[in-house]
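Notes for the one structure printed next.
Quick note: the coordinates plus some simple rules give every number you see, no bench work behind them. All of these numbers come straight from a predicted model, not from anything done at the bench. Counting neighbours? That spans all protein chains shown, and the Cβs are built from the backbone with ideal geometry, glycine included.
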Amino acid sequence: MKPKSKGSKAVAKSDEKPTKQVEKKDRVKLSAKEFADKFRQGTIGRQTVDLIIQGKKTNDEILAEVKKTHKGASTTTACIAWYRSKARAAGVVA
């Protein structure tokens, strides 16, 4: 059996269709309660989403509050930003 050469690269077929991206108008808008209910009560995600929906805090402030409640959590501001992005995509926050 011959080993594969290290220099070979995969080439995409020209007849493959590009992936379809979801248009903003096609996204389903959720109410704040419907969006929050996607996350289990008492979790970091639910607390983060609830604070984002209240709209009073920055990512750093939310992170500080989450770490007070969930000691030893390895949550970062990037995690908070992920939840904020999901909320924005769901049409819950601007």
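Modelled spin-label separation between K57 and K33, with each label point placed 7 Å from Cα along the Cα-to-Cβ direction: 2.3 nm.
Each Lys or Arg adds one and each Asp or Glu subtracts one; over the other residues with Cβ under 15 Å from the Cβ of D60, this totals +3. Under the simplified labelling scheme, the A64-T76 pair shows an inter-label distance of 2.1 nm, with each label point 7 Å from Cα along Cα→Cβ. A compact globular protein would have a Cα radius of gyration near 2.2 N^0.38 Å; the ratio found for the range 43-94 is 1.03.
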